[in-house]
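The structure appears below as structure tokens.
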Amino acid sequence: MDSKITTIVKGAIIIALGVLVAIFGGAAVADTYFGVVFLVVGLAMIALGVIAIAKKLPFPVASVVSGAVLVLLSIGLFTSNLSFAPLINFFVWIIMGAGAGLILTGIYFTIRGAIFNGVGQIIIGLVAIILGVLFITVPEFRQAFWIIVGILIAVYGLLVLISAFSKKKLR
């Protein structure tokens with residue numbers, strides 16, 4: 001269970017992430033975010049090796065090697081030699097596939113009499129497919145797409161922040 005302060009910090013970080021995605025786009029923010037995470041975690045893993053040497057403990061080879069790999073990955077991300085941009089197209093295709101699956105399950109639920117649930121799934125599936133197709137085929141739409149995604153992330157962060165001051169928790 002998170003404390004009030006932890007929830008406030010999480011909400012603020014999520015809002016900041018949403019604003020950054022809306023301004024800079026998904027790939028640039030992902031590269032920076034993972035670059036920072038990889039650097040911090042990698043340096044911490046290497047520090048474990050230094051601590052082990054200082055305390056005359058067995059040397060954590062896997063930790064030091066993994067830490068060095070993470071530090072070098074972060075350097076690659078910061079220098080634009082590596083990027084998460086190709087993965088974004090991969091995930092767009094996954095989202096479109098999930099949209100197609102939602103349409104099929106929506107048809108099933110509609111036929112079975114769960115009209116509200118079925119139609120809702122069909123609509124969400126269509127929106128996922130349409131956004132994916134627009135993202136892939138219309139380069140100008142990508143900027144609008146990231147603005148929409150950034151706003152949605154920031155709104156979620158706002159809900160997390162509000163939950164810190166509410167008795168009801170988000171699940």
By residue number, the members of the stretch 114-126 that are open to solvent by less than 90 Å² (accessible area, probe 1.4 Å), in a helix (DSSP H, G or I) and farther than 30 Å from residue 28 by Cβ are 117, 118, 119, 120, 121, 122
Which listed residue is more than 21 Å from residue 18 (Cα to Cα), aliphatic (A, V, I, L, M) and modelled with pLDDT under 90, from 114, 100, 164, 144: 114
If only one of 70, 57, 131 is more than 20 Å from residue 152 (Cα to Cα) and in contact (Cβ under 8 Å) with a residue 12 or more places away in the chain, which one is it? 70
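One line per residue, one yes/no per condition, for (1) out of contact with any strand residue (DSSP E or B) (no Cβ under 7 Å at 6 or more places or on another chain); (2) modelled with pLDDT of 90 or more; (3) under 30 Å from residue 27 (Cβ atoms):
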position	(1), (2), (3)
39	yes, yes, yes
43	yes, yes, yes
50	yes, yes, no
70	yes, yes, yes
74	yes, yes, yes
81	yes, yes, yes
84	yes, no, yes
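Is it the case that some residue within the stretch 24-37 is closer than 22 Å to residue 148 by Cα, over 15 Å from the mean Cα position of the chain (by Cα) and either open to solvent by less than 80 Å² (accessible area, probe 1.4 Å) or of a type outside the set (Asp, Glu) (or both)?
The first filter runs over the stretch 24-37 and keeps only residues closer than 22 Å to residue 148 by Cα, leaving 24-34.
Add one more test, that the residue is over 15 Å from the mean Cα position of the chain (by Cα), and what stays is none.
No: the stretch 24-37 contains no residue that is closer than 22 Å to residue 148 by Cα, over 15 Å from the mean Cα position of the chain (by Cα) and either open to solvent by less than 80 Å² (accessible area, probe 1.4 Å) or of a type outside the set (Asp, Glu) (or both).
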When the residues of the stretch 73-97 are filtered to those that are in contact (Cβ under 8 Å) with a residue 12 or more places away in the chain and of a type in the set (Ser, Thr, Tyr), which remaining residue is most open to solvent (accessible area, probe 1.4 Å)? 80
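Per-residue answers, yes or no, for (1) over 15 Å from residue 142 (Cβ atoms); (2) within 26 Å of the chain's Cα centre (by Cα):
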residue: 78; (1), (2): yes, yes
residue: 81; (1), (2): yes, yes
residue: 88; (1), (2): no, yes
residue: 94; (1), (2): yes, yes
residue: 99; (1), (2): yes, yes
residue: 106; (1), (2): yes, no
residue: 111; (1), (2): yes, no
residue: 115; (1), (2): yes, no
So in the stretch 98-113, with the set limited to residues that are of a type in the set (Gly, Ala, Ser) and touching a helix residue (DSSP H, G or I) at 6+ places or on another chain (Cβ under 9 Å), which one is surrounded by the fewest Cβ atoms within 10 Å (Cβ to Cβ)? 101
Sort out which residues of the stretch 127-171 are surrounded by 14 or more Cβ atoms within 10 Å (Cβ to Cβ) and hydroxyl-bearing (Ser, Thr, Tyr), and write them in order of number. 156, 163
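The values are calculated or read from the model by the stated rules, or taken from the named source; none is laboratory data. Keep in mind it's a predicted model, so treat the numbers as computed, not measured. Counting neighbours? That spans all protein chains shown, and the Cβs are built from the backbone with ideal geometry, glycine included. The accessibility values were calculated without ligands, DNA or RNA, using every heavy atom of the protein model including side chains. Shrake-Rupley method; radii C 1.70, N 1.55, O 1.52, S 1.80 Å.
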